[in-house]
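To start, the structure itself, in structure tokens.
The values are calculated or read from the model by the stated rules, or taken from the named source; none is laboratory data. This one's a predicted model, so the numbers in the text were calculated from it and none came from an experiment. Note: ideal-geometry Cβ built from the backbone for every residue, glycine included; neighbour counts use all protein chains shown. Remember, those area values only see protein heavy atoms, side chains included, never the ligands or the DNA or RNA. Shrake-Rupley method; radii C 1.70, N 1.55, O 1.52, S 1.80 Å.
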Amino acid sequence: MKKILIIQTAFIGDVVLAIALVEKLHRYFPNATIDFLVRKGNESLLQNNPYLNEVLSWNKKENKFKNLFGVLKKIRSNKYDLVINVQRFFATGLLTAFSGAGKTIGFDKNPLSFLFSKKIKHIFNLQQPKHEVERNNELIRDFTDNSLSMPVLYPSGKDEQIILEYVTAKFVTMTPSSVWFTKKYPAEKWIDLINQFDPAYNIYLLGGKDNVEECNWIVDHAYNKNTEVLAGKLSFLQSAALMKRANMNYVNDSAPLHFASAVNAPVTAIFCSTIPAFGYTPLSDISFIIETSEKLPCRPCGLHGKKACPLTHFKCANTIKTNQILE
């Protein structure tokens with residue numbers, strides 16, 4: 001096995017969890033060249049990874065299908081021995097099936113899996129839940145083993161230097177945002193958590209540039225002034241480096257949860273509409289899961305969350321109590 005490509009062009013958190021395959025493949029094939037394909041914008045997650053040769057990107061936002069065939073041309077020119085597709089969608093199935101690789105592997109739920117060399121059953125069973133890292137490991141189990149490698153992010157020395165000014169006292173981080181509304185603990189409840197938090201701790205609000213306005217609104221409406229917005233100021237890897245130094249990190253069921261796992265940072269994950277049995281729970285040595293204690297027949301309402309609560313009451317989030325999180 002000389003040249004390997006891993007394909008994961010979904011959201012940031014999905015990429016982080018797929019990185020576990022890189023760690024394991026390198027262990028079994030230390031001399032192999034390993035490349036990784038992501039959607040444009042997620043490349044920086046993989047910076048400094050010592051086991052990756054090249055990070056390819058697909059621009060999905062502009063000329064999506066034209067760019068798709070440009071990526072396919074690049075993949076074919078690289079002449080991979082093995083292509084591993086972690087996704088279950090047509091476009092990445094096309095990249096895999098027509099990659100020209102000697103061997104192609106993907107999940108059976110991909111519509112083009114019948115063209116792969118090997119298709120692996122994708123098991124999503126809430127009665128016998130598996131973590132997403134376990135499901136991904138099934139793709140390479142036959143030629144490695146059944147043990148799991150953890151995803152790992154590699155902040156640089158420069159990243160560590162940039163966050164030094166924030167680690168001079170005890171602190172926690174909170175990441176209040178999410179792509180999906182029903183995965184997002186409400187802003188008013190983050191404010192209540194901030195106001196009740198031990199004043200001995202500094203609180204840093206993390207997120208991307210799109211989350212700055214929301215984080216500023218939360219800080220403006222909280223009376224605990226030990227709070228600072230770092231959303232939009234730190235890169236993915238700098239945020240991960242800061243989370244690793246924190247006394248605790250409070251997150252939704254979203255990408256920052258997986259950042260914490262990938263640097264083994266302490267984390268408290270708040271699950272609103274989604275449930276832990278989906279398999280996206282924290283992997284850190286110190287981790288806690290918070291969810292409503294009420295038995296709601298409407299929960300979960302979807303795998304990825306929704307843009308609004310289908311029943312408008314959003315009880316899966318509104319019935320979580322601040323003291324659950326503080327404890």
Review point. If one takes the longest principal axis of the Cα atoms in the chain, at what angle in degrees, from 0 to 90 and to the nearest 10, does the Cα axis of helix 212-221 lie?
Key: 20 degrees
Practice item. Considering only Asp35, Asp192, Asp285, give the residue with the highest GNM mean-square fluctuation for the chain, with springs between Cα atoms whenever their separation is below 10 Å. Key: Asp285
Check your understanding: Based on DSSP H runs of at least 4 residues, each adding -39500 (n - 2.57), what is the mean residue ellipticity at 222 nm of the chain after dividing by all its residues, to the nearest 500 deg cm²/dmol?
Key -> -8500 deg cm²/dmol
Check your understanding: If the convex hull of the alpha-carbon atoms of region 210-307 is projected onto planes in all directions, what is the mean projected area in square nanometres?
Key -> 7.5 nm²
**Study point:** Distance between modelled label sites at Glu23 and Glu138, nm, 7 Å Cα→Cβ extension
**Key:** 2.1 nm
Review point. Taking the Cβ of Gly207 as the center, what net charge do the other residues with Cβ under 12 Å away carry, scoring Lys and Arg +1 and Asp and Glu -1?
Key: 0
Study note, to complete from the structure: Net charge near Ser178 (other residues with Cβ under 12 Å of its Cβ; Lys, Arg +1; Asp, Glu -1) is +1
Practice item. Report the semi-axes of the equivalent ellipsoid for the chain in whole Å, largest first, where each axis is √(5λ) for an eigenvalue λ of the Cα gyration tensor. Key: 35, 22, 18
Practice item. Give me the distance between the Cα centres of region 23-75 and region 96-135, rounded to whole Å. Key: 18 Å
Exercise for review: Calculate how steeply helix 12-28 sits against the longest principal axis of the alpha-carbon atoms of the chain, using the helix alpha-carbon long axis, and give the answer as 0 to 90 degrees to the nearest 10.
Suggested key: 50 degrees
Practice item. Over every pair of different alpha-carbon atoms in region 103-160, take the mean of 1/r and invert it; report that Kirkwood radius in Å. Key: 13.5 Å
**Study point:** Translational diffusion of region 19-163, µm² s⁻¹ [Kirkwood Rh, Cα pairs; Stokes-Einstein; 10 °C; 1.306 mPa s]
**Key:** 97 µm²/s
Exercise for review: Pop a pseudo-label 7 angstrom from the Cα along the beta-carbon direction at both Phe114 and Asp210 and give the gap in nm to one decimal.
Suggested key: 3.6 nm
Study note, to complete from the structure: The answer for the net charge of residues other than Ser254 whose Cβ lies under 10 angstrom from its Cβ, with Lys and Arg +1 and Asp and Glu -1, is +1
Review point. Amide H neighbours of Leu205 under 5 Å, counting only residues 5+ apart in sequence or on other chains, H built in-plane at 1.01 Å?
Key: Met174, Glu228, Val229, Leu230, Ala231
Exercise for review: On the protein heavy atoms, probe 1.4 angstrom, tell me the percent of accessible surface of region 1-144 carried by carbon and sulfur.
Suggested key: 50 percent
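Given that compact globular proteins tend to follow 2.2 N^0.38 Å, what is the ratio of the alpha-carbon Rg of region 262-322 to that value? Intermediate values should be presented prior to the final figure.
Values: Rg = 12.5 Å, N = 61, 2.2 N^0.38 = 10.5 Å.
Output field value: 1.19.
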Check your understanding: Given a 1.4 Å probe and every protein chain left where it sits, what share in percent of the accessible area of region 200-327 is carbon and sulfur?
Key -> 51 percent
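Can you give the direction-averaged projected area of the convex hull of the alpha-carbon atoms in region 1-102, in nm²? Kindly include the intermediate steps, with their values, before the conclusion.
Working: hull surface 23.4 nm².
About 5.8 nm², averaged over all directions.
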Check your understanding: Given H placed 1.01 Å from N in the peptide plane, which residues other than close sequence neighbours of Ser287 have an amide H under 5 Å from its amide H?
Key -> Val267
Revision key, fill the gap. Result for the chain: accessible area per residue, probe 1.4 angstrom, in square angstrom, of 46 Å²
